[in-house]
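S.K.: Before I ask anything, let me first share the structure, which is written out below as C-alpha cells.
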Amino acid sequence: MLFMSHYLSIILFTPLAGALLLLLIDKQNESAIRWVANIVAFIGFLVSVPLWFWFTPQGPDFQFVERAPWIPSVGAEWDAITERVKEYYIFLLVLQTGMLGAFMSLDFLLFFLFWEVMLVPMYFLIGIWGSANRLYSAIKFFLYTLVGSVIMLLGILALYFAYHNDPANLGAYSFDITRYQKYAFAANLQWWVFLAFFLGFAIKVPMFPFHTWLPDAHTDAPTAGSVILAAVLLKMGTYGFLRFSLPILPEASRQFVPMMVLLSIIGIVYGALVALAQKDWKRLVAYSSVSHMAMVMLGMFALNPVGITGSIIQQLNHGISTGALFLLVGIVYERRHTRDISEYGGLSKVMPVYAAVFLIMTMSSIGLPTLNGFIGEFLILQGVFVASKVWAAFAASGVVLGAAYMLYLYQRTMFGKVENPKNERLLDLSHREFATFAPLLILAVWMGIYPAPFLHRLETSVQHIILRVSPQYAAKYAECNPLPTPEVVAASSNPAAKFLSAMPCDANGNPLPAAAGRP
Amino acid sequence: MPPGISASDFYNILPELVLTSGALVVLIVDVLLPKERRGALAWVTLLAIGATLASLVPFRSTHVEVAQGLLAVDQFALFFKVVFLVAAAITVLMSVRYLEIEGASPGEYYFLILCATLGMMIMAGGIDLITIFIGLETMAVSFYILAGFIKPSHRSNEAAVKYFLLGAFSLGILLYGMSLMYGLSGTTNLRVMAAAFAGQETDARLVLAVILVVAGVGFKIAAVPFHMWAPDVYEGAPTPITAFLSVGSKAASFAMLIRIFLEGLPSMGHDWRLLFEALAIITMTVGNIAALTQSNVKRMLAYSSIAHAGYVLIGIVAGTSRGITATLVYLFIYAFMQLGAFAVIVGLRRADVAGEELKDFGGLHARNPFAAFAMLLFMLSLGGIPPTAGFMGKFWLFSAAIDAHYNWLAVIGVLNSAVSLYYYVRIVVFMYVKKEALGSEPATSPTLAVVLGVAVAATLVLGVYPRLLFELADASARTLGAAGVTTSLR
C-alpha cells in the first residue's frame, strides 16, 4: 500500500534520479550518457504505463496519455547533439520531471512550482543547442511564459485568500484543487481570476494574439525541444483551462465564451493562412500548431461534452502528429542543414520510407478518417456545431486550410523531380529512426480506428468538468449515465471490467440504442 | 551607575558588548601581529562574530526594554541581529582573498566591519529615536570609510565621497523629521510617541515629519528617487563591502523603518503607507529598467538591489503580520543570494582582471562549473524562479499584498520580477551559452568555496523547505510593539 500511495512520486522522480545519475558520469563518455538518459526516460515511461490500467473514475490523472509522444524524442537526438551531451540530457530529464509534476499536481502551488521549474531547462535547450537565432527565441519564450505565469500566480493567490476568508471554510488555508472545484467563488472574483489564468494559459497554448513566441521558439529549438514543446508544453495551457479555469471558475468561463471563441477562430484561420505562406519547413509546422491548438480551444469552449472530449483527444493527436512532423523535419535538417522548403523536392524517390511516414503523419494532421486526427476534429466540429453553426463553419474552414498547407508542403518536398543535386544521395530512415516513429504510427492508427479506450478514460473527467461548467447537462447525465457509484469504482479496479463496460449514452447524453436493452 | 540604568540592562545588551570587545580585540591584535601575518585577523573577526552569535542564545525568547525604553530586546531585533551577523561573517570570509589582491591592510577593515555590524544591531533594537540615530551613525560612518578603503583606486575614493556627502545630507533630513516628531509628541521613545499620537487629529506638521523621515529612510534603503548614490557607490566600493552594504545596511534600514513607522507612527498609517506604496512602485520599476542596460555586473546588481528594496516595501505597505513576516523572510533570503552573487564576482577578481564586467563571465561554466552553477542559482533566486529561496520570499510578499487587497501593487510587483529576469538571465547566457572563455581562470580559495557552499545550500534549502524560517519570522513579527502589529494596524 505504501508502494501504491507513493507511486506517483516514483514516476515523478525517476527522471530526476536519472539526471543525478548522469552528473556522476564522466562527460567524455558520451555514449554511456546517451544510453543512461534513454534508458531512464524509457523506464519513466514504463513505470507510468500501469496508470493506464489502474485509472479509476475519480482519478484525475490523464497525464499518462500526454506523455506517450515524449519517449521517442530522446532517441531522435542520438546523433544531432554532439556538444555538451551530458548537460543536454540532464536538462531533458529535469524537464521531464517538471512536466510530470505539473500534470500530476493537485495542489495549486505545487502545480505552479513545476510549471515554472520547466522554464529553465527549456530555456537552456533552446538557448544552447538551438539554431541561428536561438538566444532571441529562448529569452522570448522565457519572458512570455513568465509574464503569463506570474499573473496566473496572483490569480491563484486571490482564490487562496477568498477561500480562506469565507467563514464556511473555517479559515482553512488551502491550495487544494479538489476543494476549489467544489467551491463556488464570487462571480466578480471569478471574472478577474479568469483573466489572470487566461493570460497564463493562453500564452502557453498559445492563443492568438499571444502566439508570437511560438514560431521563433519552435524554429530555433533543437528537434527534441520542438517535439517537447509541441507535444507536451503547449498542452500545459489547454490542461490549465480544462483543469482550473473551467471547473473552478464556471461562471466566468461561460461569460468569456464569446472572447475565447473569437480568439480561437482568428487563431484557426490566421494560423493556417500564415502556415500556407511559409518558406521554412519548421516554421510551417509551427504555425500549423497555432491553428490546431486554436481548434482545441474552440472545441473546449463549446462547453459541451462532445466538444471537450474532442478537444482532449485532439490534444493527444496534435502531440502525435505535430511531434512526428517536427521529428521528420529534424531528420532532413540533420542531413542537409537547411529547413528551406525550396531546397527540397522529389524526396519520395530518394527516401521512400521517410516519404511514407511523412505521408501518414500529414494525413493524421489533416484529419483523414481511419487516422487519429479525424476522431478529434470530428468530435470538436460536432460539439461546436451543437453550440453554434456559425462557429462550426469557421472551424470547418480551418480543416480545409489545414489540408491545403499540409498537402502543398508535401507536394513541394516529396513529389516532382529531384532537382537539387544535394538531395540525390540522402539516406532513408535508419532502423533507429524508424523505431522512433513506430510507436507514433501505431498510436495514430489505433486512435483512428479504435478510439474507444481513450474516450472511455476521458468520460468521467469530462463529466466532472461539464457538471461544473454546463449544469444543464446534469439532468441528461443523471438519466442515462449516472456518476460512478462505489460499486462501479470497485469493479473498475479490475482492468478487464473497464474495457467491457459500454457507454450507455453517447457523448451528448443521448441514450444509445444498445443501452435500451440493458437492465 | 547612572540613574535609570540597572545591572540587568548590561546583561541584556550582552551581545552588543561582546561585539564591541571583539572589535577592540581586532584592533589590538592588529598592532601586535607582524605585518605579513595580519591575514589571521580574519579568524579573530570571525571568532568575535561567532561569540556574539552565541551570546544571542540566552535571549531567544526575551521581550524586555533596556534602560527605560532606549533599546528593545525582542525576537524582532534578534531576527535581524542574526541576519547582520551572518552577513558580516560571510563578508569577512569573502574579504580574505580580496584584501590580499588589493594589498589593503586588514586591521581597520575588519574593525570597521564589526563597528558597522554593531550599529546595525543597535538600529534593529532601538525603540528610541536617539538610539536609532546613534546606531545609524555608527553604521554609516563605518561604511563611509569602508567604501573608500582601496586608497589607490579612484573609483573607490569617488564612491566614498559621494556616499559621505549624500549620506550626510540625508541624515540631516532624517534628523529634521525626527526633531519634528519629538517636538509634536514631547518624547523620543517610539512606543510613548505612538500613545501620544493615538486618536489625534492629523496634524500638517506631523505629515511633514512623516515625509522627511520617509525621505531619510528612503535614502538608506536606496528607494527611488533617493537612490542616486547606490550605483556609483556599489560599483566603486570594494566588492565585499558592496555586498555587505547591499545586504546588511539595507536590512538594518528596513528594521529601523519598521520600528519608526509601525511602532512609532501607527496612527499615521494611512499617510505613510500611501507614500511607501508610491515609493515601492517607482523603486521596483526604475530599478529594474535601469538594470536592463548595465554591462558592469556590480552596477547591475546595484540596480537590482534597488528593485529589491521596492519588493520588500510591498510587505511594509501591506502592514499585516503576514506582510511583516514576508519582509523579514525576504531580507533573510536576500542576504544569502546577494552575498553569494557578490562572492562569485570576488572569485573572478584577479590581479589583472576586475572581474566585474559581463564579459568576464563568458564561458564560466567551462572554467569553473561550480561557480557558474552557484551564480545560476543566485540569479534565478533573485529573479524569483522556483525551487529557489527567492521564489518563496517573493511568493510571501505578493501573497501579503493580495491578502491586504493591494492587488495592483502585486501585479506591478510580479511584472517587475518578470522584467528583472531578462538581465539576470543575461549573466546566465554569458556563463553557459557563450563558448569562448573570455575571462581568466577564477581563483578558488577555500574561504570563497565555503561562502558559495553556504549560500547555495541556503538558497536551495530555503526554497524547498522554508517553513522553519517562516515560523521564526512570524514569531518575530508578532513581538513588534506592545499590542502586536495586526491589532495596532489593520
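Values quoted throughout were computed directly from the atomic coordinates according to the rules given, and no laboratory measurement underlies them. Just so it is clear, the structure is predicted and the values come from calculations on it, not from any experiment. No Cβ is skipped: glycine too gets one built from the backbone with ideal geometry, and neighbour counts run over all protein chains shown.
S.K.: Between region A:372-409 and region B:323-347, how many Å separate their Cα centres?
M.R.: Distance between centres, Cα-based: 53 Å.
S.K.: Also, quick follow-up: Quick check on my link table: of A:140/A:422; A:204/B:298; A:140/A:279; A:235/A:282, which ones sit more than 25 Å apart, alpha carbon to alpha carbon?
M.R.: In this structure, A:140/A:422; A:204/B:298 lie more than 25 Å apart at Cα.
S.K.: In the calculated pair distance distribution of chain B, what percentage of Cα-Cα distances lie above 36 Å?
M.R.: Taking all Cα-Cα pairs of chain B, the fraction more than 36 Å apart is 24 percent.
S.K.: I need the Kirkwood Rh of region B:1-157: take the reciprocal of the average 1/r across all distinct C-alpha pairs and report it in angstrom.
M.R.: 16.3 Å
S.K.: Once every DSSP H run of n ≥ 4 in chain B is given -39500 (n - 2.57) and the sum is divided by its residues, what mean residue ellipticity at 222 nm do you get, rounded to the nearest 500 deg cm²/dmol?
M.R.: -24000 deg cm²/dmol
S.K.: Averaged across orientations, what area in nm² does the convex hull of the alpha carbons in region A:161-260 project?
M.R.: 7.2 nm²
S.K.: Test of understanding: ordering B:364, A:276 by Cβ neighbours within 10 Å, fewest first, what list do you get?
M.R.: By the 10 Å Cβ count, ascending: A:276, B:364.
S.K.: Which of rounded, prolate or oblate describes region B:1-69 when judged by the alpha-carbon gyration tensor and an a/c cut-off of 1.5?
M.R.: Here region B:1-69 falls in the oblate category.
S.K.: In addition: Under 11 Å from a point 7 Å along the Cα-to-Cβ line of residue A:335: which residues of region A:430-471 have their amide N that close?
M.R.: A:430
S.K.: For residue A:173 and residue A:349, compute 0.36 nm times the residue count separating them, minus their Cα-Cα distance, and round to one decimal in nm.
M.R.: Gain on stretching residue A:173 to residue A:349: 56.9 nm.
S.K.: Filter the DSSP H helices in chain B by two things, a Kyte-Doolittle mean of at least -1.0 and an axial alpha-carbon span of 24 angstrom or more, and list the hits by number.
M.R.: B:14-32, B:75-102, B:106-125, B:129-147, B:154-185, B:204-220, B:269-292, B:297-318, B:321-348, B:407-428, B:446-464
S.K.: Can you tell me the FRET efficiency between residue B:43 and residue B:282 if r is taken as the Cβ-Cβ distance and R0 is 35 Å, rounded to the nearest 0.05?
M.R.: Efficiency, from the Cβ-Cβ distance: 0.20.
S.K.: Go through A:277, A:420, A:248 and say which Cα lies farthest out towards the positive end of the charge dipole of the protein assembly as shown; charges sit on Cβ, +1 for Lys and Arg, -1 for Asp and Glu.
M.R.: A:420
S.K.: Label residue B:228 and residue B:100 with points 7 Å out from Cα along Cα→Cβ: what is the distance between them in nm?
M.R.: A separation of 4.1 nm, rounded to one decimal place.
S.K.: While we're here: Give the separation of the Cα centroids, region A:265-282 to region B:61-78, in Å.
M.R.: With region A:265-282 and region B:61-78 each reduced to a Cα centre, they are spaced 68 Å.
S.K.: Applying 1/(1 + (r/R0)^6) with R0 = 41 Å to the Cβ-Cβ distance of residue B:35 and residue B:359, what FRET efficiency is obtained, to the nearest 0.05?
M.R.: E(calc), rounded to 0.05, equals 0.70.
S.K.: Below 15 angstrom from the Cβ of residue B:226, what's the summed charge of the other residues (Lys, Arg +1; Asp, Glu -1)?
M.R.: Net charge in that neighbourhood comes out at +2.
S.K.: Quantify how strongly other chains surround peptide A:139-149 by giving the mean number of their Cβ atoms within 10 Å of each of its Cβ atoms.
M.R.: Across the residues of A:139-149, the mean count of other-chain Cβ atoms within 10 Å is 3.
S.K.: Let's test the formula: R0 of 30 Å, r as the Cβ-Cβ distance of residue B:408 and residue B:208. What FRET efficiency results, to the nearest 0.05?
M.R.: 0.60
S.K.: What does the structure give for B:411-421 when I average, per residue, the other chain Cβ atoms found within 10 Å of the residue Cβ?
M.R.: That works out to 4 on average.
S.K.: Still on this structure, please answer the following. So the label point goes 7 Å from the Cα of residue B:296 along Cα→C-beta, right? Which residues of region B:232-271 then have their backbone N under 15 Å from it?
M.R.: B:232-243
S.K.: Taking the Cα of residue B:153, stepping 7 Å toward and past its beta carbon, and measuring to each backbone N in region B:335-370: which are under 11 Å?
M.R.: Those under the cut-off are B:346, B:349-350, B:354-356.
S.K.: Within a 10 angstrom radius of the beta carbon, how do A:464, A:431 rank from fewest other beta carbons to most?
M.R.: A:431, A:464
S.K.: Say a site is exposed when it is one of the GluC sites (Glu not before Pro), sits in a DSSP loop, and has at most 16 other Cβ atoms within 10 Å; what is then the longest site-free stretch of chain B?
M.R.: B:202-435
S.K.: Now for a different question. In nm, to one decimal, how far is the residue B:21 label point from the residue A:20 one, both placed 7 Å along Cα→Cβ?
M.R.: Rounded to a tenth, the inter-label distance reads 4.6 nm.
S.K.: Follow-up question, since we're still on this one. If a/c stays under 1.5 just call it rounded; otherwise compare a/b with b/c (prolate if a/b is bigger, oblate if not). Do that for the protein assembly as shown, with a ≥ b ≥ c from the square roots of the Cα gyration tensor eigenvalues.
M.R.: prolate
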